[in-house]
Amino acid sequence: MSSQISKYRDSVTTRYRCTACGNLTRFDVVETTSIRSFHHFTVGGDLTVEEPEIIAKNVESVTCRWCGHGRAVEPIVESSDV
Ligand SMILES: [Zn+2]
């Protein structure tokens with residue numbers, strides 16, 4: 001039933017910019033990630049996790065380390081979206 005969820009493009013990394021202080025490199029990012037994976041147990045109970053796939057990723061908040069808040073933080077949109 002989750003066919004509308006296309007495979008997450010994990011090569012895409014969102015960068016951020018703080019327009020208040022110009023910070024491009026230091027952020028506190030709070031995010032939740034949902035991962036579906038194949039848990040493969042041996043008969044002895046040892047677990048191997050295989051084929052992890054990110055099915056959802058949600059950024060809760062991004063805070064500038066210098067300003068201490070995220071009010072001026074905005075994502076940098078990469079234009080390499082061919
Ligand atoms: Zn800042």
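Read-outs: derived from the displayed coordinates by stated rules, not from any lab. No experiment lies behind these values; they were computed from the predicted model shown. We place every Cβ from the backbone using ideal geometry, glycine too, and count neighbours over all the protein chains shown.
At-a-glance table
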item: Pairwise label distance in nanometres, GLU60 with VAL77, each label 7 Å out on the Cα-Cβ vector; result: 2.7
item: Net dipole in debye of the stretch 15-76 [+1 Lys, Arg Cβ; -1 Asp, Glu Cβ; about Cα centre; nearest 20]; result: 500
item: Taking the stretch 15-76 and dividing mean pair separation by its residue count, relative contact order in percent (alpha carbons under 8 Å, at least six apart); result: 45
item: Positive-end residue of ASN23, SER61, GLY44, charge dipole of the stretch 15-76 with Cβ unit charges; result: ASN23
item: Stretch gain in nm, segment SER34-ARG15, where the contour uses 0.36 nm per residue and the Cα spacing is subtracted; result: 4.8 nm
